[in-house]
Amino acid sequence: MGLIKEPRDIDFYVDPRPLTKEEEKRISDFIKADKKKHKRRKMIKINTNA
Amino acid sequence: MVMKLQYIDIEIDKLTNSLENVTTGDSFQTDIIITDQNDFEFITKKDGWLFNWKDEFKKPDRDVYKLTIVNNQKVIQGLVSLSVKADHVYMHLIESAPFNRGKNKVYAGVPGNLVAFACKLSFQRGFEGYLSFLSKTNLIDHYEKTLGAIHTGGQLMVINTNAALKLTNKYFDK
(Lines give C-alpha, C1' and ligand atoms only; values in the text may rest on other atoms or scores of the structure.)
Protein backbone atom coordinates (compact mmCIF):
# COMPACT_ATOMS: atom_id res chain seq x y z
CA MET A 1 0.00 0.00 0.00
CA GLY A 2 1.50 3.33 -1.04
CA LEU A 3 1.97 6.54 0.76
CA ILE A 4 -1.24 8.47 1.27
CA LYS A 5 -1.10 12.15 0.50
CA GLU A 6 -0.31 14.03 3.68
CA PRO A 7 -2.34 16.97 4.87
CA ARG A 8 -0.38 20.04 5.94
CA ASP A 9 -2.08 20.04 9.31
CA ILE A 10 -3.93 17.43 11.27
CA ASP A 11 -6.62 18.89 13.41
CA PHE A 12 -8.51 17.07 16.06
CA TYR A 13 -11.43 18.29 17.99
CA VAL A 14 -13.18 16.53 20.72
CA ASP A 15 -16.17 16.94 22.92
CA PRO A 16 -16.59 13.75 24.86
CA ARG A 17 -19.85 11.97 24.43
CA PRO A 18 -20.92 8.36 24.35
CA LEU A 19 -22.73 6.93 21.34
CA THR A 20 -26.47 7.50 21.45
CA LYS A 21 -28.74 4.46 21.80
CA GLU A 22 -29.84 5.02 18.21
CA GLU A 23 -26.25 4.98 16.95
CA GLU A 24 -25.43 1.87 18.97
CA LYS A 25 -28.46 0.17 17.46
CA ARG A 26 -27.44 1.30 13.99
CA ILE A 27 -23.98 -0.23 14.44
CA SER A 28 -25.40 -3.49 15.80
CA ASP A 29 -27.94 -3.71 12.96
CA PHE A 30 -25.17 -3.11 10.43
CA ILE A 31 -22.96 -5.79 11.98
CA LYS A 32 -25.80 -8.32 11.99
CA ALA A 33 -26.67 -7.58 8.35
CA ASP A 34 -23.01 -7.62 7.29
CA LYS A 35 -22.39 -10.98 8.96
CA LYS A 36 -25.50 -12.41 7.29
CA LYS A 37 -24.40 -11.09 3.89
CA HIS A 38 -20.96 -12.65 4.18
CA LYS A 39 -22.36 -15.95 5.46
CA ARG A 40 -24.68 -16.09 2.45
CA ARG A 41 -21.78 -15.32 0.07
CA LYS A 42 -19.72 -18.06 1.66
CA MET A 43 -22.56 -20.56 1.27
CA ILE A 44 -23.04 -19.64 -2.40
CA LYS A 45 -19.31 -20.11 -2.96
CA ILE A 46 -19.41 -23.55 -1.28
CA ASN A 47 -22.43 -24.57 -3.39
CA THR A 48 -20.75 -23.42 -6.59
CA ASN A 49 -17.63 -25.37 -5.78
CA ALA A 50 -19.57 -28.55 -4.86
CA MET B 1 -28.98 19.38 27.43
CA VAL B 2 -26.93 19.99 24.30
CA MET B 3 -24.97 16.91 23.26
CA LYS B 4 -21.48 17.69 22.07
CA LEU B 5 -19.95 15.57 19.34
CA GLN B 6 -16.65 13.78 19.37
CA TYR B 7 -15.32 12.70 16.04
CA ILE B 8 -12.36 10.63 15.08
CA ASP B 9 -10.22 12.92 12.96
CA ILE B 10 -6.87 11.42 12.20
CA GLU B 11 -5.10 11.04 8.91
CA ILE B 12 -3.86 7.54 8.17
CA ASP B 13 -0.52 8.36 6.62
CA LYS B 14 0.85 5.00 5.67
CA LEU B 15 0.17 1.36 6.44
CA THR B 16 3.41 -0.11 7.63
CA ASN B 17 4.43 -3.22 9.54
CA SER B 18 5.97 -0.97 12.13
CA LEU B 19 6.79 2.69 12.46
CA GLU B 20 8.86 4.24 9.74
CA ASN B 21 11.21 7.15 10.29
CA VAL B 22 10.05 9.67 7.71
CA THR B 23 13.54 11.10 7.12
CA THR B 24 15.67 7.96 7.03
CA GLY B 25 13.08 5.38 5.98
CA ASP B 26 14.26 3.09 8.81
CA SER B 27 11.60 0.83 10.32
CA PHE B 28 11.11 0.17 13.99
CA GLN B 29 9.12 -2.64 15.58
CA THR B 30 6.40 -1.51 17.96
CA ASP B 31 4.61 -2.52 21.14
CA ILE B 32 1.06 -1.64 22.13
CA ILE B 33 0.27 -1.92 25.81
CA ILE B 34 -2.33 -0.61 28.19
CA THR B 35 -1.47 2.65 29.93
CA ASP B 36 -1.23 3.29 33.64
CA GLN B 37 -1.51 6.48 35.63
CA ASN B 38 2.23 7.20 35.44
CA ASP B 39 2.08 7.51 31.65
CA PHE B 40 0.14 10.77 31.70
CA GLU B 41 2.65 13.09 33.31
CA PHE B 42 3.78 14.40 29.93
CA ILE B 43 0.63 13.63 27.97
CA THR B 44 -0.88 17.06 28.41
CA LYS B 45 -2.11 19.89 26.23
CA LYS B 46 0.91 21.85 27.42
CA ASP B 47 3.09 19.14 25.86
CA GLY B 48 1.26 19.44 22.55
CA TRP B 49 -1.33 16.69 22.89
CA LEU B 50 -4.74 17.72 21.64
CA PHE B 51 -6.99 15.54 23.79
CA ASN B 52 -7.26 15.34 27.54
CA TRP B 53 -5.96 11.78 27.87
CA LYS B 54 -5.77 11.89 31.64
CA ASP B 55 -9.53 12.40 31.76
CA GLU B 56 -9.97 9.71 29.11
CA PHE B 57 -7.92 7.29 31.22
CA LYS B 58 -10.17 7.91 34.23
CA LYS B 59 -13.36 6.92 32.39
CA PRO B 60 -14.37 3.48 33.65
CA ASP B 61 -15.93 2.20 30.43
CA ARG B 62 -12.78 2.39 28.31
CA ASP B 63 -9.11 1.46 28.15
CA VAL B 64 -6.31 3.65 26.84
CA TYR B 65 -3.45 1.90 25.01
CA LYS B 66 -0.07 3.36 24.09
CA LEU B 67 2.09 2.68 21.05
CA THR B 68 5.83 2.64 21.68
CA ILE B 69 8.93 1.51 19.83
CA VAL B 70 10.42 -1.75 21.10
CA ASN B 71 13.13 -1.07 23.68
CA ASN B 72 12.05 2.57 23.95
CA GLN B 73 8.89 2.34 25.99
CA LYS B 74 9.23 5.70 27.68
CA VAL B 75 8.43 7.62 24.52
CA ILE B 76 4.76 7.32 23.59
CA GLN B 77 4.22 7.49 19.83
CA GLY B 78 0.42 7.47 19.93
CA LEU B 79 -2.62 6.64 22.01
CA VAL B 80 -5.99 5.04 21.42
CA SER B 81 -9.05 4.79 23.67
CA LEU B 82 -11.22 1.69 23.21
CA SER B 83 -14.40 0.22 24.67
CA VAL B 84 -15.55 -3.34 24.33
CA LYS B 85 -19.24 -3.20 23.40
CA ALA B 86 -21.70 -6.09 23.19
CA ASP B 87 -20.81 -7.01 19.61
CA HIS B 88 -17.78 -4.95 18.60
CA VAL B 89 -14.97 -2.71 19.77
CA TYR B 90 -15.61 1.03 19.74
CA MET B 91 -12.82 3.56 19.21
CA HIS B 92 -13.44 6.74 21.21
CA LEU B 93 -10.21 8.58 20.52
CA ILE B 94 -6.98 8.15 18.62
CA GLU B 95 -4.05 10.52 18.49
CA SER B 96 -0.46 10.53 17.27
CA ALA B 97 2.14 12.13 19.52
CA PRO B 98 2.76 15.81 18.73
CA PHE B 99 6.08 14.99 17.01
CA ASN B 100 4.30 12.47 14.76
CA ARG B 101 1.77 14.91 13.35
CA GLY B 102 1.83 17.27 10.40
CA LYS B 103 4.44 17.71 7.70
CA ASN B 104 7.41 17.51 10.09
CA LYS B 105 6.41 14.24 11.72
CA VAL B 106 9.17 11.91 12.89
CA TYR B 107 7.42 8.56 12.35
CA ALA B 108 4.74 7.48 9.88
CA GLY B 109 2.31 4.67 10.61
CA VAL B 110 1.07 5.49 14.10
CA PRO B 111 -2.69 5.60 13.38
CA GLY B 112 -2.62 2.49 11.19
CA ASN B 113 -0.84 0.55 13.91
CA LEU B 114 -3.37 1.58 16.53
CA VAL B 115 -6.42 0.85 14.37
CA ALA B 116 -5.03 -2.58 13.46
CA PHE B 117 -4.53 -3.24 17.16
CA ALA B 118 -8.17 -2.31 17.85
CA CYS B 119 -9.27 -4.81 15.18
CA LYS B 120 -7.03 -7.45 16.73
CA LEU B 121 -8.64 -6.82 20.10
CA SER B 122 -12.04 -7.24 18.46
CA PHE B 123 -10.98 -10.66 17.07
CA GLN B 124 -9.65 -11.66 20.49
CA ARG B 125 -12.96 -10.73 22.12
CA GLY B 126 -14.87 -12.86 19.63
CA PHE B 127 -16.30 -9.95 17.60
CA GLU B 128 -14.81 -11.07 14.29
CA GLY B 129 -12.78 -7.88 13.94
CA TYR B 130 -15.70 -5.44 13.93
CA LEU B 131 -14.65 -1.95 15.00
CA SER B 132 -16.65 1.27 14.89
CA PHE B 133 -15.92 4.95 15.36
CA LEU B 134 -17.27 8.41 14.60
CA SER B 135 -15.38 10.09 11.79
CA LYS B 136 -15.13 13.72 10.89
CA THR B 137 -17.18 14.20 7.71
CA ASN B 138 -14.29 15.28 5.48
CA LEU B 139 -12.25 12.17 6.38
CA ILE B 140 -14.90 9.58 5.57
CA ASP B 141 -13.50 8.96 2.07
CA HIS B 142 -10.00 8.75 3.49
CA TYR B 143 -10.97 6.06 6.02
CA GLU B 144 -12.83 4.14 3.33
CA LYS B 145 -9.74 4.12 1.11
CA THR B 146 -7.00 3.54 3.67
CA LEU B 147 -8.72 1.32 6.24
CA GLY B 148 -11.47 -0.24 4.14
CA ALA B 149 -13.97 1.22 6.63
CA ILE B 150 -17.65 1.30 5.68
CA HIS B 151 -19.65 4.50 6.08
CA THR B 152 -22.95 3.56 7.69
CA GLY B 153 -24.55 7.02 7.81
CA GLY B 154 -23.88 10.24 9.66
CA GLN B 155 -20.32 10.11 10.93
CA LEU B 156 -20.51 6.42 11.80
CA MET B 157 -17.88 4.15 10.31
CA VAL B 158 -17.52 0.39 10.73
CA ILE B 159 -14.54 -1.82 9.92
CA ASN B 160 -15.84 -5.30 9.16
CA THR B 161 -14.16 -8.69 9.25
CA ASN B 162 -12.61 -8.50 5.77
CA ALA B 163 -11.07 -5.08 6.32
CA ALA B 164 -10.01 -6.00 9.86
CA LEU B 165 -8.26 -9.13 8.56
CA LYS B 166 -6.30 -7.09 6.04
CA LEU B 167 -5.21 -4.65 8.73
CA THR B 168 -4.29 -7.25 11.33
CA ASN B 169 -2.46 -9.40 8.79
CA LYS B 170 -0.49 -6.35 7.77
CA TYR B 171 0.60 -5.54 11.30
CA PHE B 172 0.41 -8.75 13.29
CA ASP B 173 1.14 -11.52 10.86
CA LYS B 174 4.34 -12.62 12.55
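The values are calculated or read from the model by the stated rules, or taken from the named source; none is laboratory data. Keep in mind that this is a model prediction, so the values were computed, not measured. For neighbour counting, all protein chains shown are included, and Cβ atoms are generated from backbone atoms with ideal geometry for every residue, glycine included. All accessible areas refer to the heavy atoms of the entire protein, side chains included, with ligands and DNA or RNA removed. Shrake-Rupley method; radii C 1.70, N 1.55, O 1.52, S 1.80 Å.
Separation between the B:Asn162 and B:Asp141 pseudo-spin-labels, each 7 Å from Cα along Cα→Cβ, expressed in nm?
2.2
Nearest 0.05, what FRET efficiency do B:Thr23 and B:Asp55 give at R0 = 41 Å with Cβ-Cβ as r?
About 0.75, to the nearest 0.05.
Report the accessible area of B:Glu41, computed with a 1.4 Å probe over the heavy atoms of all protein chains in place, in Å² rounded to the nearest 10.
Accessible surface of B:Glu41 is approximately 130 Å².
Using θ = phi - 60° and the Karplus curve 6.51 cos²θ - 1.76 cosθ + 1.60, what whole-Hz ³J(HN,Hα) does each residue of segment B:25-38 get, with Gly and Pro shown as x?
Values per residue, Gly and Pro as x: x, 5, 9, 10, 5, 10, 10, 10, 9, 5, 7, 10, 3, 5 Hz.
Just to be sure I understand: of the beta bridges DSSP finds with both ends in segment B:45-174, what percent are antiparallel, rounded to 5?
Percentage antiparallel, nearest 5: 85.
Counting partner chain Cβ atoms within 10 Å of every residue's Cβ in B:28-35, what's the average?
Taking all residues of B:28-35 together, the mean is 0.
Any idea how far apart A:Ser28 and B:Lys45 come out in nm if each label point goes 7 Å out from Cα toward Cβ?
The modelled label-to-label distance comes out at 3.5 nm.
Could you state how much accessible area B:Arg101 has, in square angstrom rounded to the nearest 10, with a 1.4 Å probe and all protein chains kept in place?
Probe radius 1.4 Å; accessible area of B:Arg101 about 40 Å².
Could you work out, residue by residue across A:28-40, how many beta carbons of other chains sit within 10 Å of that residue's beta carbon, and then give the average as an integer?
4
Where Lys and Arg each count +1 and Asp and Glu each count -1, what net charge lies around B:Ser81 among other residues with Cβ under 12 Å from its Cβ?
Numbers: positive: B:Lys54, B:Lys58, B:Lys59, B:Arg62, B:Lys66; negative: B:Asp55, B:Glu56, B:Asp61, B:Asp63, B:Glu95.
Cβ neighbours under 12 Å give a net charge of 0.
Tell me, what is the 1.4 Å probe accessible area of B:Thr137, in Å² to the nearest 10?
90
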